[in-house]
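The values are calculated or read from the model by the stated rules, or taken from the named source; none is laboratory data. If you're wondering where the values come from, they're calculated on a predicted model, not measured in any experiment. All Cβ positions, glycine included, derive from the backbone under ideal geometry; neighbour counts span all protein chains shown. Note: areas computed on protein heavy atoms with side chains; ligands, DNA, RNA excluded. Shrake-Rupley method; radii C 1.70, N 1.55, O 1.52, S 1.80 Å.
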Amino acid sequence: MRVLVTGSSGFIGRAVVANLAGLGYEAIGVDRHPKDIPGLASQMRGDLTDAGWRAEILENLVASSDGVINLAGLLGTAELLSEIGNAIEANITAAVDLMLMCRHHDKPMVQISPGNSSWLSVYPITKICAERLALALGQDAGLKVSIVRAMNVYGPWQKHAPVKKYIPNLIRWAFLGQPAEIYGNGEQMMDVIWVGDVAAILVRALEWARIRTPGTPTVFEAGSGIPLRVNTVADLVWRAVSSAAIMPKIHVPMRPGEPIESRTVADPSTLYPLGLLPRDLRPFWDGLRETVAWYRSHPEILNLPEHPAAGEH
């Protein structure tokens with residue numbers, strides 16, 4: 001099976017490519033900034049926001065593949081308020097063009113989507129719009145599609161900037177011995193999931209879409225269903241880095257579009273058709289310790305000094 005992965009050089013893309021290669025699939029990558037990713041059979045530089053490129057190049061890639069996992073998109077929170085047009089082009093228009101290509105060539109596809117669907121933030125709004133359009137095309141227009149709603153994904157290769165991701169920033173602050181910047185009161189509930197588990201779900205979701213009868217799109221929620229408070233996650237990170245119990249915190253205003261004391265938690269029963277139970281997912285503490293060890297060996301990813309130790313606490 002030859003699988004086209006858009007966004008193949010990204011944080012989740014790397015894990016998807018590794019999963020595909022481990023299963024013996026041929027992974028073909030497309031990325032705006034291609035990198036040397038182990039497991040890729042080939043990779044092409046391409047920007048899905050370029051309509052001409054989509055029509056001339058992406059169409060051929062889809063036609064020659066056996067399935068597509070679409071991870072491409074424009075990330076961000078408050079910064080996307082000044083780039084709404086670009087976000088619409090990347091997260092909606094390009095995604096829909098890809099869906100139509102898959103439908104035309106009768107190729108199964110997976111569309112990744114966020115878990116925080118109720119937030120009034122540009123990224124989830126645009127990605128949920130693409131999700132709904134995929135479901136419409138799947139239900140009424142013959143697209144073979146699965147949706148994977150990824151909760152708060154963490155693991156190796158996740159950057160802390162320029163888009164500010166929560167867990168790598170917590171780890172960075174802990175290594176530097178600095179207080180964590182916590183949005184709001186830190187009582188928001190989050191569902192954290194290991195990137196390797198998300199990759200496995202995405203690949204299984206593609207296999208599911210391939211064998212399903214057209215007209216039956218399926219949504220899978222990639223998460224354990226175990227809610228953790230943001231404050232609790234911060235303390236666990238601090239403990240994983242330094243063995244201390246409580247992380248010092250600075251509470252800052254919520255970012256635009258993010259509700260106070262939100263709850264973003266998966267329904268893991270949606271994963272049962274894929275043969276996955278909550279116990280099959282990596283426990284957060286185990287994944288966190290492995291992630292901390294990986295960043296300690298790759299300090300440049302978090303812009304840390306070489307061979308970082310825990311900060312002075």
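Structural remarks
- Rolling a 1.4 Å probe over the protein heavy atoms leaves Cys102 with an accessible area of roughly 0 Å².
- Take Ser262: with every protein chain present and a 1.4 Å probe, its accessible area is about 10 Å².
- Solvent-accessible area of His251 with every protein chain in place, 1.4 Å probe, in Å² to the nearest 10: 100
- Taking a ≥ b ≥ c as the square roots of the eigenvalues of the alpha carbon gyration tensor, the stretch 1-82 is oblate, as a/c is not under 1.5 and a/b does not beat b/c.
- For the chain, built as a Gaussian network whose Cα springs stay under 10 Å, the top-fluctuating residue of Ile301, Ile112, Ile211: Ile211
- Each other residue within a Cβ distance under 15 Å of Leu48 adds +1 if Lys or Arg and -1 if Asp or Glu, for a net charge of -3.
- The chain: antiparallel DSSP beta bridges as a percent of all, rounded to 5: 5
- Residue-count net charge about Gly138 - beta-carbon cut-off 10 Å; Lys, Arg +1, Asp, Glu -1: +2
- Cross-link pairs beyond the 28 Å C-alpha cut-off, checked among Lys35/Lys127; Lys127/Lys165; Lys107/Lys159; Lys35/Lys107; Lys165/Lys249: Lys107/Lys159
- Cα-based helix-to-principal-axis angle, 122-140 vs the chain, degrees rounded to 10: 30
- The stretch 145-253, relative contact order in percent, only Cα pairs under 8 angstrom and at least six apart counted: 43
- A Gaussian network model of the chain, with springs between Cα atoms under 10 Å, assigns the largest mean-square fluctuation among Asp286, Asp66, Asp97 to Asp286.
- Placing unit charges on each Cβ (+1 for Lys and Arg, -1 for Asp and Glu) gives the stretch 70-225 a dipole about its Cα centre, and among Leu98, Leu206, Gly223 the Cα reaching farthest toward its positive end belongs to Leu206.
- Under 5 Å from the amide H of Glu181 lie the amide H atoms of Ile250, each residue being 5 or more positions distant or on a separate chain, with H modelled from the backbone and absent for Pro and chain starts.
- In terms of accessible area, using a 1.4 Å probe and ignoring ligands and nucleic acids, Ser82, Ser64 rank largest first as Ser82, Ser64.
- Three-way shape call for the stretch 209-287 based on the alpha-carbon gyration tensor, with the a/c threshold at 1.5: oblate
- Other residues within the sphere of radius under 11 Å centred on the Cβ of Ile301, judged by their own Cβ, net out at +2 (K and R +1, D and E -1).
- Charge dipole (Cα centre; +1 on Lys/Arg Cβ, -1 on Asp/Glu Cβ; no other charges) of the chain amounts to roughly 360 debye.
- Most fluctuating residue given options Ala266, Ala41, Ala180, as computed from a GNM of the chain linking Cα atoms under 10 Å: Ala41
- Value of relative contact order over the stretch 213-313, rounded to a whole percent, pairs C-alpha under 8 Å and six or more apart: 32
- When the residues Arg45, Arg172 are ordered by accessible surface, computed with a 1.4 Å probe over the protein chains alone, the sequence from largest down reads Arg45, Arg172.
- Value of relative contact order over the chain, rounded to a whole percent, pairs C-alpha under 8 Å and six or more apart: 18
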